[in-house]
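Every read-out reported here was derived from the displayed coordinates using simple, explicitly stated rules and does not represent laboratory data. Here the structure is a predicted model, which means the values were calculated and not measured. All Cβ positions, glycine included, derive from the backbone under ideal geometry; neighbour counts span all protein chains shown.
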Amino acid sequence: MMPVGNRPAYNSNANPPELKFQLLKTSNLPNTSIDLSEAKPPVDILLFTVEDCEFLSCFSHLEEPFRSYHKDIGFVYVGYIEKMKIALMRCSKGPDVPRGSLSTAKDAILLLRPKATISVGACSGLDNGKVKLGDVVISSLLITADHKIPPSTNFMKLIKGMADGWKAPLQNADEYVKVHCDGVVLSVPKANEHIIRQHPDAFAVETEGGGLFTASFDFKMEWLVVRGIKDIRGKKQFSNEEKWKEVACVMAASLVAHNLRDSIPFKDWPNLDAETSRLTPLTNM
């Protein structure tokens with residue numbers, strides 16, 4: 001965890017902290033595309049998001065971004081974070097729906113051949129005192145309906161240091177965001193009170209991580225789930241809910257981008273072998 005500075009006890013009625021920058025709108029995104037073949041895969045890291053706020057929070061960190069397209073996976077935004085070549089995608093909510101995290105991740109991994117995949121976004125914290133609004137949770141254990149899954153081997157070596165040197169992009173320098181590097185995260189397609197009650201040690205609940213794990217595991221791919229806390233499950237909805245979601249998304253994306261700026265830990269990770277691809281070759285697009 002990151003015990004630095006003053007940490008207000010944010011609650012659903014509190015005003016969210018002010019961000020250092022204004023989040024982009026979808027109208028700011030590129031509206032023309034190139035063939036994915038021109039993006040020259042492989043990439044280093046593939047980022048998955050679902051909602052616009054998650055996507056835009058990640059997009060704001062890309063240098064020289066452009067939009068590409070492939071008929072099997074749709075739009076892919078490609079850019080750089082320092083020396084790292086990054087692909088950024090949206091998928092539909094839920095792992096098993098058409099174009100959900102499972103099917104989208106499998107197809108995208110085959111085409112983009114990354115070294116690792118990261119699911120970045122916002123989720124609900126559990127009402128057990130472990131997290132507050134705006135916190136960031138890195139999944140040290142992902143629990144689905146069928147499995148308990150630690151992160152992949154190489155990411156496991158990085159997790160404890162992921163908050164090192166990171167400063168939350170907030171206007172007030174005296175405020176800070178806690179990063180939970182030991183977060184137990186539940187990943188279930190729908191609200192499942194039975195599973196939640198079974199795991200009182202869990203920090204948060206989300207819907208996409210299980211699909212990303214399944215897809216990445218099939219290819220022996222490094223994977224990680226990083227979530228900002230947008231609300232507390234079971235608490236009454238509040239008037240500034242959308243603003244808290246924005247804060248949660250920005251915090252998660254900022255932490256991920258902070259770590260991707262240091263390319264050294266990733267330099268020896270292998271890309272997916274192109275020979276394993278079973279989709280339409282990029283040269284035949």
Two-decimal log10 I(q)/I(0) for the chain, as the Debye equation yields it once each C-alpha is a single scatterer, q = 0.08, 0.15 Å⁻¹: -0.31, -1.12
Only Lys, Arg, Asp and Glu count, each charged at its Cβ (+1, +1, -1, -1), so figure out the dipole size of the chain about its Cα centre, rounded to 20 debye. 240 debye
As straight-line cross-link partners of K130, the qualifying lysines (C-alpha separation under 25 Å, not fewer than 8 residues apart within one chain) are K148, K157, K160, K167, K178, K190, K230, K235, K236, K243, K245
Determine the gain in length on full extension of the stretch A173-L24; use 0.36 nm per residue of separation and subtract their C-alpha separation, reporting nm with one decimal. 51.4 nm
For the chain, calculate the relative contact order in percent as a whole number, restricting contacts to Cα pairs under 8 Å that are 6 or more residues apart. 28 percent
In deg cm²/dmol and to the nearest 500, what is the mean residue ellipticity at 222 nm of the chain if only DSSP H runs of at least 4 residues count, each as -39500 (n - 2.57), divided by the residue total? -6500 deg cm²/dmol
Say the dipole of segment 26-265 comes from +1 at the beta carbon of Lys and Arg and -1 at that of Asp and Glu; which of M84, V43, G234 then lies farthest toward its positive end? G234
Give me D for segment 123-271 in µm² s⁻¹, whole number, from Stokes-Einstein with Rh from the Kirkwood sum over alpha-carbon pairs, 4 °C and 1.567 mPa s. 81 µm²/s
